[in-house]
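Read through the structure below, which is laid out as structure tokens, and then see the notes.
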Amino acid sequence: MGVYLANYNATPPYNILSKKPIRTLEDVKGLKIRSAGGLATEIVVGGAILYAFDDDIRKWIQRNPTEARHNISTYGFEPWGSGVYPAILLGGFYIYGLAAKDHRARQLAMGGVQVFIMTGLTTQIIKHLTHRHRPDQDDPANPRLWEGPFTGWDYTSFPSGHTSTAFAIATLVSSVYRDKIWVGILSYGIATGVAWSRVYDNKHWPSDVFIGAALGFAIGKTVYHVMQGKTNLTLGFSETGGVSLVYHLK
């Protein structure tokens, strides 16, 4: 059975010019794509395409597993998503900022804390509203299993929290040091590695990490603009550990 994403006479904001049903990844190649809905539309459609082929892409990424790839995933990328390496990095920036009186370094460290908290809260809310099965929770793995809200604490595949955290930190770092191109390349390279590792380790579906990356990017940019005073949003923390996000009307 094929899945029609769109056909040649589809209406805006998104058209995939194809007269044939899309059954495999090969059917997507060479298609003419037209969009008029902006970045949000691209993210939704990109996620939908990945969702249609989640299991195929997962199997392709996991082909020919090796000990070297396992070690790269476990020790090279996973800690960036779990928060271990970012905590060390941000702590280092904060100490350096104090010692060298570097305002940008201190700003990055404090912004990183905000990013980490906002990303964690947002992803957990979505996870427990959707309760999607992880690929390692069923045999055979099934990307179409969703339990919906209020169904316990299991099944939290969507979206990938590791990926959203990695991309949020990467976006903030590359925004703060936007004058240094290599910083952005390195930051997003690591974040992409985190996304790869979550699928390679069979913890997430490709669509989980794609939406997680988009979510992290949005949160990273939001926190950066808050830090720069370019938005009506303010983010604050109470002495008891509470978090507030306030939109100021003008």
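Here are the numbers for the structure shown:
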item	result
Gain on full stretching of the segment that runs from L186 to V113 - 0.36 nm per residue minus C-alpha separation	24.3 nm
Fewest-first ranking of R134, R69, R104, using other Cβ atoms within 10 Å as the exposure measure	R104, R69, R134
Stretch gain in nm, segment N71-H128, where the contour uses 0.36 nm per residue and the Cα spacing is subtracted	17.5 nm
Computed E for I61/Q137 - FRET, C-beta separation, R0 25 angstrom, nearest 0.05	0.90
Dipole of segment 72-247 [Lys/Arg +1, Asp/Glu -1 at C-beta], most positive-end residue of Q107, T171, T74	Q107
Value of Rg/Rh across segment 72-247 [Cα atoms, Kirkwood radius]	1.00
Under 5 Å, built H, 5+ apart or other chain: amide partners of L145	H133
Separation in nanometres of the label points that stand 7 Å from Cα toward Cβ, at D154 and D102	4.8
Neighbourhood net charge (10 Å Cβ-Cβ; Lys/Arg +1, Asp/Glu -1) for H133	-1
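Every read-out reported here was derived from the displayed coordinates using simple, explicitly stated rules and does not represent laboratory data. What you are looking at is a predicted structure, and each value in this text was computed from that prediction instead of being measured. Heads up, the Cβs are rebuilt from the backbone with ideal geometry, glycines too, and the neighbour counts pull from every protein chain shown.
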